[in-house]
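The values are calculated or read from the model by the stated rules, or taken from the named source; none is laboratory data. Since the structure is predicted, the reported quantities are computational estimates derived from the model, not experimental observations. Ideal geometry is used to build each Cβ from the backbone, glycine not excepted, and the neighbour counts take in all protein chains shown.
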Amino acid sequence: MKVENLLKVQKLPSIDKLNLKKQVMTLTAEQIQENWVEFLGNITDYVEMPRQQKLLDFYTKYEDRIILMPAANNKKYHSAFPGGYVDHVNRVVKGALAMSDVWASFGCDMTTFTQEELVFSAINHDLGKMGSDTEDAYIPQTDNWRRDKMGETYAFNTSLPFASVPDRGLFLLQQHGVKYTFNEMIAIQTHDGLYDAANEKYLKSFMPETKPRTSLLFILHQADMMAARIEFEIEWLPKLSKNNVATPKVSYTLSSNKKSSVNSKALSSIKSPGLKSMLENL
């Protein structure tokens, strides 16, 4: 099915507006649409009313932007291509649900958060990468040198005032009337773990009173890391495997003359007869 027809099925903007023709896609049009259906399905399946409707209203309002958002600006990071954002978020949701089962099987107190809080946090953990209600955070990189030499598929939009991804995402939610719990706020805020120094106050405390009261944030962080790692493998391992290290040589032994010379020089500097004898035997 043509991309134009796929867009009509979901009542998405025209292909010209989405600018698909001008971008190199890693995902097919079918995959992008399937990801979007799954994305909205996670909201209807796991988020309760009336918040579900608020969230659906928000995402359908900006679907023409979000459906083709990248998850990063640079190829060296994960999913820096059109549709990469939704693809990443869906993987984090799946990972968070699976990871919560692992934590539960090891005796984690699962009463400190709800499944809705887990999925809501996973769906919205990177929302700040959208930018603002009027400006995209990532815009196509027009500098050919930076794109070709540095792998910058996208550039940061300097029209936007700076804010961290978690802060901007939480602002967007409250700006559009989507409420979130304390657990969800902390989980979204700290989803990058100790890769973000701002999270040290939550994650490096040695006092029981100031440690997180729920494992939700650790589960989300692990799911995010797992998703990013898998996306790296999908993107890079096939390319890197073409440049494997050369087959090891049969023998690494130096020639007898050179070995004798090196050993003699090294051993001559040793003062202890016992140590010298031991090294000679080795």
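Conditions tested, residue by residue: (1) over 30 Å from LEU118 (Cβ atoms); (2) in contact (Cβ under 8 Å) with a residue 24 or more places away in the chain; (3) outside any helix (DSSP H, G or I).
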{"residue": "THR142", "(1), (2), (3)": "yes, no, yes"}
{"residue": "ARG147", "(1), (2), (3)": "yes, no, no"}
{"residue": "ALA155", "(1), (2), (3)": "yes, yes, yes"}
{"residue": "SER159", "(1), (2), (3)": "yes, yes, yes"}
{"residue": "ALA163", "(1), (2), (3)": "no, yes, yes"}
{"residue": "ARG168", "(1), (2), (3)": "no, yes, no"}
{"residue": "LEU173", "(1), (2), (3)": "no, yes, no"}
{"residue": "LYS179", "(1), (2), (3)": "no, yes, yes"}
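Taking the condition surrounded by 15 or more Cβ atoms within 10 Å (Cβ to Cβ), of a type in the set (Lys, Arg) and assigned to a helix (DSSP H, G or I), does ARG91 pass?
yes
Only one residue in THR210, THR247 is modelled with pLDDT under 95, exposed (fewer than 12 other Cβ atoms within 10 Å of the Cβ) and either within 26 Å of GLY128 (Cβ to Cβ) or within 20 Å of the chain's Cα centre (by Cα) (or both), so which one is that?
Matching residue, one of THR210, THR247: THR210.
Go through region 54-92 residue by residue and tally those that are under 21 Å from SER121 (Cβ atoms), touching an Asp or Glu at 6+ places or on another chain (Cβ under 9 Å) and of a type in the set (A, V, I, L, M, F, W, C).
5
Looking at this structure, is GLN53 in contact with a helix residue (DSSP H, G or I) (Cβ under 8 Å, 6 or more places away or on another chain) and in a helix (DSSP H, G or I)?
no
Being under 21 Å from ASN157 (Cα atoms), modelled with pLDDT of 95 or more and not charged (D, E, K, R) is true for just one of LEU56, LEU127, LEU68. Which residue is that?
Within the list LEU56, LEU127, LEU68, the selection yields LEU127.
Is it the case, given these coordinates, that ALA137 is surrounded by 19 or more Cβ atoms within 10 Å (Cβ to Cβ) and touching a strand residue (DSSP E or B) at 6+ places or on another chain (Cβ under 9 Å)?
When the stated conditions are applied, ALA137 passes them.
Being out of contact with any strand residue (DSSP E or B) (no Cβ under 8 Å at 6 or more places or on another chain) and in a helix (DSSP H, G or I) is the filter here; which residues of region 57-85 pass it?
ASP57, PHE58, TYR59, THR60, LYS61, GLU63, ASP64, ILE66, GLY84, TYR85
I need the full set of residues from region 102-149 which are acidic (Asp, Glu) and over 23 Å from ALA227 (Cβ atoms), in order please.
Once the filter is applied, which keeps residues that are acidic (Asp, Glu) and over 23 Å from ALA227 (Cβ atoms), region 102-149 yields ASP109, ASP133, GLU135, ASP143, ASP148.
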